[in-house]
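Each remark here refers to the structure printed beneath this line.
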Amino acid sequence: MTDLKQRLIDIVEDVEAPSDLLDRTRLGGTRRVRRRRFATLTGTTFAVAALVGGAVVVPGLLGGRTNDQPAASPAPVTPAADDPYKSLMQGLTRGDLAGDKAYLDKVLATWRGSSSGLFSVRDSAVTGALRGDPKVYWAGNTPAGRIAIVAQHYEVHPRGNVKLAMEGVYTLVAFVADDHKGNPSVPVVLYPLPAGGRLPSHVASKGGTNVLVTADVGQPAGWSAGADAKGRHQYTPLHFKDGVSVLVLPASVDPAKLSVLPLQPR
C-alpha cells in the first residue's frame, strides 16, 4: 500500500479526494483482477494505471452505446503532443509474425478480453477509458517464445481540483506472451511517464532463457543489469531492428534488477 500511495504522490499533484479513495481503489482492483485473471500491473506502472487497476466499469465509456441507443460514429483519436509512444500506433505491423493473421487475431482477442472494462475508471479524482481500436505494433519469434506488442490509445482527465502531470490521450502498451500452454496472455501493461522517462520493455522467460524485448519509440536506449556497490548504473546501448530490440540476457542478470532507460544522444 505504501508503494501505491508513493507512486500516486509522484505523479498526481494537489489531489482533493476522499481519504479512503486509495483503499477503495485497491480493494476494487483486487476483486476485478481475480475475476478476470489479469496479471497485476508491474510496480513501475504509471499512477493512472494503478488507479485503473481498481477500475469501476462505467457503461457507455468504452462501448459505442448505452442501453439500446444506436452507436455513434467514433470521433478521431488525436494523441497528446507529448505522448512518447504515439509512433507505435502508426504504420503496418512489424516482425516475422506480422503475416500470421491467425496469431494476430488471437493476440487482439486476448488483449480485448483482458482489457474489457478493466481500463475504464470513473471516480471522484479521475476518469479514463480506452479509445479507438488496438493495434499489433510488432509480433515475432524470440528465444523465449512468441511475443507481440499491442498499442491502444487511452484517455484520462482529472475531475474537480485534481491536477495530473499527464492529461489527455496517451498510448498504452501491452506485451502479449505465450503462457506455459502456448496460448497468448498479457503479462504486463505500460503507460508512459512524463518526459518520456520509461521505454516499453518486457523480459520474457522460457526454459531458463531470459529475453529483453524493447519497442523502438525513436529514442536511443540502454539497459543496465543493476546498480553497483555505489548505487550507479552502467548502461549498454540497445540495438533496434525492425522496430524492436531483442536481447538474450546473460544468465547472471537478475531480471528484477534490470533497468531500461533512454540515453542522451552523444
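When segment 84-138 is filtered for residues that are touching an Asp or Glu at 6+ places or on another chain (Cβ under 8 Å), open to solvent by less than 30 Å² (accessible area, probe 1.4 Å) and at pLDDT 95 or above, the ones remaining, listed by number, are GLY95, TRP138. Of all residues in segment 156-167, exactly one satisfies the criterion of being in a strand (DSSP E or B), within 29 Å of ALA109 (Cα to Cα) and in contact (Cβ under 8 Å) with a residue 60 or more places away in the chain, namely VAL156.
Could you say whether any residue in segment 235-245 is farther than 24 Å from MET89 by Cα and among the basic types (Lys, Arg)? Even if it seems obvious, please write down each step before you answer.
Taking segment 235-245 and keeping what is farther than 24 Å from MET89 by Cα, we get 235-237.
Subset that is among the basic types (Lys, Arg): none.
Scanning segment 235-245 turns up no residue that is farther than 24 Å from MET89 by Cα and among the basic types (Lys, Arg).
Which one is nearest to PRO262 (Cα to Cα) among residues in segment 200-238 that are among the aliphatic types (A, V, I, L, M) and in contact with a helix residue (DSSP H, G or I) (Cβ under 7 Å, 6 or more places away or on another chain)? Checking each candidate, the answer is VAL217. Within segment 164-186, the set of residues being crowded, with 18+ Cβ neighbours inside 10 Å, in contact with a strand residue (DSSP E or B) (Cβ under 7 Å, 6 or more places away or on another chain) and at pLDDT below 90 comprises LEU164 only. Scanning segment 253-262 for residues that are open to solvent by 50 Å² or more (accessible area, probe 1.4 Å) and in a loop (DSSP other than H, G, I, E, B) gives a single hit, ASP254. Every condition in (1) in contact with a Ser or Thr (Cβ under 6 Å, 6 or more places away or on another chain); (2) in contact (Cβ under 8 Å) with a residue 60 or more places away in the chain holds for VAL136 except the one numbered (2).
Say we look at segment 219-247 and pick out the residues that are of a type in the set (S, T, N, Q) and open to solvent by less than 70 Å² (accessible area, probe 1.4 Å); which of these is nearest to HIS202 (Cα to Cα)? Per the criteria, the residue is SER245. Of all the numbered requirements in (1) open to solvent by 50 Å² or more (accessible area, probe 1.4 Å); (2) part of a loop (DSSP other than H, G, I, E, B); (3) closer than 20 Å to ALA177 by Cα, PRO250 misses one, and that requirement is (3). Can you say whether VAL150 is part of a strand (DSSP E or B) and either under 22 Å from PRO79 (Cβ atoms) or open to solvent by 10 Å² or more (accessible area, probe 1.4 Å) (or both), as far as the supplied structure shows? For VAL150, the condition - part of a strand (DSSP E or B) and either under 22 Å from PRO79 (Cβ atoms) or open to solvent by 10 Å² or more (accessible area, probe 1.4 Å) (or both) - is met.
The values are calculated or read from the model by the stated rules, or taken from the named source; none is laboratory data. Everything numeric in this text was worked out from a predicted model, so none of it was measured. Here the Cβ is made from the backbone with ideal geometry for all residues, glycine too, and neighbour counts use every protein chain on show. Heads up: the accessible areas ignore ligands, DNA and RNA and are worked out on the full protein's heavy atoms, side chains in. Shrake-Rupley method; radii C 1.70, N 1.55, O 1.52, S 1.80 Å.
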